[in-house]
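A.B. asks: I'd like to ask you about the structure that follows.
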Amino acid sequence: MSNQKLDQIANQLRQSGKYRIIDKHQQPKGYNAASPTDKKLIGVFLDIESTGLFYATDKLIELGMVKFEYTKDGRIFNLLEEFNGYQDPKIPIPEHITKLTGITDDMVKDHSIENSKVAEYLEDVDIIISHNAQFDRAFFETAFPDIVPKAWACSMRNIDWSNEDISSFKLEYIAYRYNFFYEGHR
């Protein structure tokens, strides 16, 4: 069946009022129009996967970051370059972590995230945002203690989700409430 036909069916179901259709997330080309006077800053969305919940004893296994342009009033313009790297924790990844993240021992074997590459990537960044910054920041600062500190924000705690009529902090639920879904944990 063609995409056009599927879109027609989805629209019919939406219009019936009996169904809610959730679309797969498609990354937009851009977000907001910028005026020549807008001073653009650089932020980064950061996510860490680890062997467990405790930064003092567990190990980072993946670092993912995406830069974006924004203004002080919060408008985002463009997504910029991505950074993604695996880190071999030198211990077996627990089965429940592999089930949650999809990351296996073979995927991280002999991989290392270079401190200098992370520092270079973050050099022009004004703010780091993650969904549960308390977790991500602790692992990040443990794994990369020599990187110049940046301002951090938390999309889980620094946004009043109840004001948005969203009752859960889980990213899957937030996406669902905004009528889209995405594949995988990462």
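A.B. asks: Per residue, how much accessible surface does the range 3-93 expose to a 1.4 Å probe? Answer in Å², no decimals. Can you show the working numbers first?
C.D. replies: Values: 6100 Å² over 91 residues.
Ligands and nucleic acids excluded, the figure is 67 Å² per residue.
A.B. asks: So for the range 1-107, averaging the separation of alpha carbon pairs under 8 Å that are six or more residues apart and normalising by length, what relative contact order in percent results? Present the calculation step by step, with values, prior to reporting the outcome.
C.D. replies: Working: 130 pairs, mean separation 21.7, N = 107.
Once normalised by length, the contact order is 20 percent.
A.B. asks: For the range 62-186, calculate the relative contact order in percent as a whole number, restricting contacts to Cα pairs under 8 Å that are 6 or more residues apart. Write down the numbers at each step before the final one.
C.D. replies: Values: 124 pairs, mean separation 22.3, N = 125.
Contact order relative to length: 18 percent.
A.B. asks: Only helical DSSP H runs with n ≥ 4 go in: add -39500 (n - 2.57) per run for the chain, normalise by residue count and round the 222 nm mean residue ellipticity to 500 deg cm²/dmol. Can you show the working numbers first?
C.D. replies: On the way: 6 runs with 51 residues, N = 186.
Taken over the chain, the calculation gives -7500 deg cm²/dmol.
A.B. asks: Largest first, what is the accessible-area ranking of Leu79, Leu46 with a 1.4 Å probe? It would help to have the intermediate numbers written out before the result.
C.D. replies: On the way: Leu79 55, Leu46 10 Å².
If we order Leu79, Leu46 from most to least accessible, we get Leu79, Leu46.
A.B. asks: Give a quick list of trypsin sites (Lys or Arg not before Pro) in the range 62-161 that DSSP marks as loop, anything other than H, G, I, E or B, with at most 13 other Cβ atoms within 10 Å. Present the calculation step by step, with values, prior to reporting the outcome.
C.D. replies: Values: sites: Lys67, Lys72, Arg75, Lys90, Lys99, Lys109, Lys117, Arg137, Lys150, Arg157; in loops: Lys72, Arg75, Lys90, Lys109, Lys150, Arg157.
Those satisfying the criteria are Lys72, Lys90, Lys109, Arg157.
A.B. asks: Hey, what's the range 103-186 come to in accessible area per residue, 1.4 Å probe, Å²?
C.D. replies: Working: 5430 Å² over 84 residues.
Heavy-atom SASA per residue in the range 103-186 reads 65 Å².
A.B. asks: Tell me which label goes with the value of mean projected area of the Cα convex hull in nm² computed from the coordinates here: (i) 14.2; (ii) 12.5; (iii) 11.9.
C.D. replies: (i)
A.B. asks: On to the next question. For the range 15-46 and the range 137-186, what is the centre-to-centre distance using only Cα atoms, to the nearest Å?
C.D. replies: When both Cα centres are located, 16 Å separates them.
A.B. asks: Moving to a separate point now. Leaving out ligands, DNA and RNA, and with a 1.4 Å probe, what % of the accessible surface on the range 45-102 is carbon or sulfur? Walk me through the numbers on the way to the answer.
C.D. replies: Numbers: 1890 of 3270 Å².
Whole-percent figure for carbon plus sulfur exposure: 58.
A.B. asks: Which of the peptides 165-173, 11-19 is most tightly packed, and how do the rest follow, going by the mean number of other Cβ atoms within 10 Å of each residue? Before the final figure, lay out each step's value.
C.D. replies: On the way: 165-173: 12.0, 11-19: 9.9.
Top of the packing list down: 165-173, 11-19.
A.B. asks: Now a separate question. Around Met156, under 15 Å between beta carbons, what's the net of Lys plus Arg minus Asp minus Glu among the other residues?
C.D. replies: -1
A.B. asks: Have a look at Gln8, Ile48, Ala33 and report the one farthest towards the positive end of the charge dipole of the range 1-67, computed about the Cα centre with Cβ charges (Lys/Arg +1, Asp/Glu -1).
C.D. replies: Gln8
A.B. asks: Under a point-charge model restricted to the Cβ atoms of Lys and Arg (+1) and Asp and Glu (-1), what is the dipole moment magnitude of the chain relative to its Cα centre, in debye to the nearest 20? Don't jump to the answer; show the numbers that get you there.
C.D. replies: Values: 22 positive and 29 negative charges, 179 e Å.
Its charge dipole is roughly 860 debye.
A.B. asks: With unit charges on the beta carbons (Lys and Arg positive, Asp and Glu negative) and the dipole taken about the Cα centre of the chain, which residue among Ala175, Phe83, Met156 sits farthest to the positive side?
C.D. replies: Ala175
The values are calculated or read from the model by the stated rules, or taken from the named source; none is laboratory data. Note that the structure is predicted; figures quoted are calculated from it, not measured. Cβ: placed from backbone, ideal geometry, glycine included. Neighbour counts: every protein chain shown. With ligands, DNA and RNA removed, areas are computed over all heavy atoms of the protein, side chains included. Shrake-Rupley method; radii C 1.70, N 1.55, O 1.52, S 1.80 Å.
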